[in-house]
Amino acid sequence: METTRHFTATVYIVNDGATALHEHDRLGITIPPGGHVDRDELPAEAGLREVREETGHEVTLLDEPDPIEAPAGRPLPPPRHQMLYDINVHDGRVGHQHIDLIYYATVSSRDISPADGEVAAESWAWYTRRDLLESDLPEDVVTLGTEAIRAAGSGS
């Protein structure tokens, strides 16, 4: 069996010391906004699009690229992390993986206003650093969520 891979982009959004997470119906886990990078889409653009679709927010990325002299190119916003997740595993063999580019961003409010067809606003919750540390969420979500809060300068 051949392992297929897709690029995905995830954005931990932070407002006033908390990050927004939702229960993913199909995967059965609690995660931040994100999704597949579409064909001909840049990773950071995909993350911004996913946040806009899933939460209604326009974000400010925490990491902008350093300027560089490159007349034929331009720098892209760097992800904070790049993770490889096994999505489909059958009989110990990995069938599908996500190469996830993870970004941190801030938003101006905690209002959630998803686009039609997205997870309902009631499925979202804002987690403070303490909420994350006291939760039974996956370790990577806790680690990345607390790091995003700290990076946004709104959590100790």
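Read the figures in this text as sums done on the coordinates, not as results from a lab. Small disclaimer: the values here were computed from a predicted structure and weren't measured. Because the Cβ atoms are built from the backbone with ideal geometry, glycine has one as well, and the counts that use them run over all protein chains shown.
Placing dummy labels 7 Å off each Cα toward the beta-carbon, the span from H36 to S108 is 3.3 nm. Helical content alone sets the calculated 222 nm signal of the chain at -6000 deg cm²/dmol, taking -39,500 (n - 2.57) per DSSP H segment of four or more residues and averaging over every residue.
Hey, got a sec? Which GluC sites (Glu not before Pro) in segment 75-156 land in a DSSP loop and have at most 16 other Cβ atoms within 10 Å? All intermediate terms of the calculation are to be shown ahead of the outcome.
Values: sites: E118, E122, E134, E139, E147; in loops: E118, E134.
Qualifying residues, ordered by number: E134.
Estimated at 0.36 nm per residue, the fully extended path between E53 and A115 surpasses their Cα-Cα distance by 21.8 nm.
Say a site is exposed when it is one of the trypsin sites (Lys or Arg not before Pro), sits in a DSSP loop, and has at most 10 other Cβ atoms within 10 Å; what is then the longest site-free stretch of the chain? Walk me through the numbers on the way to the answer.
Working: sites that count: R26, R39.
The answer is 40-156.
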